[in-house]
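The values are calculated or read from the model by the stated rules, or taken from the named source; none is laboratory data. Note that the structure is predicted; figures quoted are calculated from it, not measured. A quick note on method: Cβ atoms are made from the backbone with ideal geometry, for glycine too, and the neighbour counts reach across all protein chains shown.
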Amino acid sequence: MAKAASGKTRKKYEAQIQKVSAGKLSEFTSDTLAIEEPLEIRIGIGKEHRAISITMRTPSNDAELAAGFLFTEGILQSKNQIKSIKHCGKFPNNQNTIRVDLAENIEIDFKKLERNFYTTSSCGVCGKSSLEALNVAGAKPILQTDLPKISAEIIHNLPETLRKNQTVFAETGGLHAAALFDFSGNLVDLKEDVGRHNAVDKLIGKQFLDGNLPLSDKILFLSGRASFELVQKAVMAQIPVICAVGAPSSLAVEAAKNFNISLLGFVREKRFNIYSSDIIL
């Protein structure tokens, strides 16, 4: 079982600003911003360890982020493959590198990982441009046919529940959120990050480390748009329903249809669009 990294992290930053309104300059005041810092994810097997990804993220839940990234990329399949997860160096002074040490019997094809995994807070995993990439990662369609129907009223209530639980966003206005709900609309977990893909990796990574996968009876709710790489991560975790406050991309819709995921967009103000679904009343 993985031993998660520990320590306190800062999610917020206080900046001194002056406001301009109607051409008038205010006195200096304080503005709360979301923190954005790089995280290098390294894999270790025995004495060998290599960096495989750098992502810009909000410091917090780094162990879940690393585990979720490795799982949704198809590199790991079970939490039992992980021996430990820890920051390199003394935490929190050196909190921007995290190492995932794997069990000695695990084999990783490092040459296969040599492609550029660099990600930013705005784009997601580079190189994920086709549906074939999902098949290579070992993704499987949602096969369940006995899922219960979800009423429109339950979907309508999700955005308000999300907003009430976005503690850091309420202060900064600068974080994406990813949340898990059950089919009755109850909040299971929520993670925030400057990168929408990081928020999803943190969310799925927590469930991965807790041994709760597959998430075949859960709804993934996104505070922004639904892009292809976010559908990819849901497919890997076998999440059958994705709801997004914003619009989906064309490739996200294609992926949702190919992998039997119910995809809803513009879920806000008591309305939503159905792009792919057979379980919404």
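Being assigned to a strand (DSSP E or B) and touching a residue at least 40 places away in the same chain (Cβ under 8 Å) is a condition met by no residue of segment 230-240. Scanning segment 229-281 for residues that are surrounded by fewer than 20 Cβ atoms within 10 Å (Cβ to Cβ) and within 23 Å of GLN207 (Cα to Cα) yields a single hit, ASN260. Of all residues in segment 72-112, exactly one satisfies the criterion of being at pLDDT below 85 and under 22 Å from the mean Cα position of the chain (by Cα), namely GLN95. In the set LYS47, LYS8, only one residue is loosely packed, with under 13 Cβ neighbours inside 10 Å, under 21 Å from ASN198 (Cβ atoms) and either at pLDDT below 85 or among the aromatic types (Phe, Trp, Tyr) (or both); that residue is LYS8. In summary, PHE181 fulfils each of the numbered conditions (1) in contact with a Gly (Cβ under 9 Å, 6 or more places away or on another chain); (2) outside any helix (DSSP H, G or I); (3) in contact (Cβ under 8 Å) with a residue 40 or more places away in the chain with the single exception of condition (1). Taking segment 250-267 as the range and being within 19 Å of LYS218 (Cα to Cα) and charged (D, E, K, R) as the test, only LYS257 passes. The conditions of being in contact with a His (Cβ under 9 Å, 6 or more places away or on another chain), at pLDDT 90 or above and either farther than 21 Å from ALA67 by Cα or surrounded by 13 or more Cβ atoms within 10 Å (Cβ to Cβ) (or both) are not met by ALA179.
Residue selection: LYS206 fails the criterion of being surrounded by fewer than 24 Cβ atoms within 10 Å (Cβ to Cβ) and free of Cβ contacts under 8 Å to residues at least 40 places away in the same chain. Name the residue that is modelled with the lowest pLDDT, counting only residues in segment 253-281 that are among the acidic types (Asp, Glu) and part of a loop (DSSP other than H, G, I, E, B). Filtering segment 253-281 for residues that are among the acidic types (Asp, Glu) and part of a loop (DSSP other than H, G, I, E, B), the one modelled with the lowest pLDDT comes out as ASP278. Within segment 147-154, identify whether any single residue is over 20 Å from ASN258 (Cα atoms), assigned to a loop (DSSP other than H, G, I, E, B), polar (S, T, N, Q) and modelled with pLDDT of 90 or more, and answer yes or no. Yes, the conditions are met somewhere in segment 147-154. For ALA67, the requirement of being closer than 28 Å to LYS140 by Cα and either of a type outside the set (A, V, I, L, M, F, W, C) or in a strand (DSSP E or B) (or both) is not met.
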